[in-house]
Amino acid sequence: MMNNLITILPSYGAAVLVTLEVSVLAALLGIAGGFVINALRLRFTRSLALPYGFFVWLIRGTPYLSQLVVIYFGLPALGVTMSAVQATIVSLALYSSAYFAEIFRAAWNSVPHGQLEAAQVFGISRWARFRVIELPQAAAFALPLLANQVILVIKESSVASIITVPELTMTASGIVSATYTYIGPYALLIVAYWLLTQAVSLLAQQVSARIPFLRKTS
Amino acid sequence: MNDPDFLAHAASYLPQLLQGALTTLWLSALAVVCGFFAGIFIYTMSVSQSRLLSTAARVHVSMFRGTPVLVQLLVFYYVPSALGLDLPGAVAAAIALSLNTAAYQSQILGVGFRSIPRGQIEAAVTFNLTRRQTLWYIEVPQVVRTTLPALVSEMIDVIKASAVVSVISVTDLMRVGQQLSSSTYRPLEAYSLAACFYLGITTLLSITGHVYSRYATRRG
């Protein structure tokens, strides 16, 4: 049993890298996308309120798996063909961008409006208001939520095993069906995901402890 | 059988889709209800004096929140069968989803439990209520009322998470979408139609939650 576990470790190592590659890329794209979406929403409050609401409603109202299969199996009918890994990254980025946009929205709303008005009265420039007043407080608010969402992205990436992306879950299932051993490979799979998600939440805690303005004052 | 006019035939797929939606709904409802009671149990374990019980509760919550639902599902489907206990897909799915949402619900309910003023519990002790009576007649009703919005959104999360049970051949909404996709060769339409059903279910639930919480706040 122990020997078996040691022989399958290298394939898990490779699979962790695939899971990380897919989720990190998707999370970065999702954060950037969510940030831009929220910025556009703030800039064009009136005209974008409806499309923004529709986008968030659509993404948050359906399972990630159904978004993945629409993009991977459905879009080729419209002439958009992607590899399984590409479809996973694109769908996961799209999916998480809605959640990230909502996090940024809540973070921006968490800064009391009176502070900005006071700053304006004191003649502080728009850029300085953003940099010194809004950004630090919004970042402190958003950081734990962002970490939580990144953890969700890592967990959702397991669904990509259904379209045969060779990430952790796919690799474990392959080993299970090739060796007919269940407990070892699955135990290792659970440990691998648990360590990944634990690492993200520890990292977020470290970051917020090290950087003074990220420490929540309230 | 290449179906050129999927949308024209969409009506004929409705019974199948409704059947799948029903499976998704009862499976999720079962998981949420079982998860609610298990969640209360896990919360009471986590605040118990016994170091062993509170550690067990912490491990459960950390494991189920730190790993994907899909993995939990595969474990509950394949590991029992390896040990000689063949669980039907629907049973494995119900167990995995219940234990998963129990971990989340224990956290949600914990917030509610902690918001109950200490004096109420002390009053209950004074009135000679047993620990169990205090829990079910004094704490739980208030906890449910204060955490209802979070519980509704957890319910929506469970419905969405339940889409992965299609991989262990439970004929839920997602699985019906797959079947339609492979029988009509129209994956875009079939999967989009299934997604619309999910959207309908989650939207209805979220509206119900909003209406109820508005009604509850007005009642005070």
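The values are calculated or read from the model by the stated rules, or taken from the named source; none is laboratory data. Owing to the predicted nature of the structure, the values given are computational and were not obtained by experimental measurement. Cβ coordinates were reconstructed from backbone atoms using ideal geometry, including for glycine residues, and neighbour counts include every protein chain displayed.
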Condition met for B:Ser166 (surrounded by fewer than 20 Cβ atoms within 10 Å (Cβ to Cβ) and either within 18 Å of A:Glu156 (Cβ to Cβ) or at pLDDT 95 or above (or both)): no
So which residues in the stretch A:164-185 are buried (at least 17 other Cβ atoms within 10 Å of the Cβ), more than 8 Å from chain B (Cβ to nearest Cβ) and not in a helix (DSSP H, G or I), if there are any at all? A:Val165, A:Pro166, A:Glu167
Please list, ordered by first then second residue, the pairs with beta carbon atoms under 7 Å, 6 or more apart or interchain, first in the stretch A:120-144 and under 20 Å from A:Tyr99 (Cα atoms) and of a type in the set (A, V, I, L, M), second assigned to a loop (DSSP other than H, G, I, E, B) and modelled with pLDDT of 90 or more. A:Ala138/A:Ser110; A:Ala138/A:Val111
Might you let me know whether the stretch A:37-49 holds any residue that is more than 20 Å from B:Arg175 (Cα to Cα) and touching a Ser or Thr at 6+ places or on another chain (Cβ under 7 Å)? yes
The condition of being surrounded by 21 or more Cβ atoms within 10 Å (Cβ to Cβ), at pLDDT 95 or above and more than 8 Å from chain B (Cβ to nearest Cβ) holds, among A:Val150, A:Val159, only for A:Val150
Does at least one position in the stretch B:120-135 carry a residue that is away from every other protein chain (no Cβ under 14 Å), buried (at least 17 other Cβ atoms within 10 Å of the Cβ), closer than 14 Å to B:Ile40 by Cα and modelled with pLDDT under 95? yes
Given the condition within 13 Å of another protein chain (Cβ to nearest Cβ), within 27 Å of A:Gly79 (Cβ to Cβ) and part of a helix (DSSP H, G or I), answer yes or no: does some residue in the stretch B:201-213 qualify? no
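A quick yes/no check of all residues on (1) within 13 Å of another protein chain (Cβ to nearest Cβ); (2) in a loop (DSSP other than H, G, I, E, B); (3) under 24 Å from B:Gln179 (Cβ atoms); (4) in contact with a strand residue (DSSP E or B) (Cβ under 6 Å, 6 or more places away or on another chain):
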{"site": "A:Gly33", "(1), (2), (3), (4)": "no, no, no, no"}
{"site": "A:Val56", "(1), (2), (3), (4)": "yes, no, no, no"}
{"site": "A:Arg60", "(1), (2), (3), (4)": "yes, no, no, no"}
{"site": "A:Leu68", "(1), (2), (3), (4)": "yes, no, yes, no"}
{"site": "A:Phe73", "(1), (2), (3), (4)": "yes, no, yes, no"}
{"site": "A:Val90", "(1), (2), (3), (4)": "no, no, no, no"}
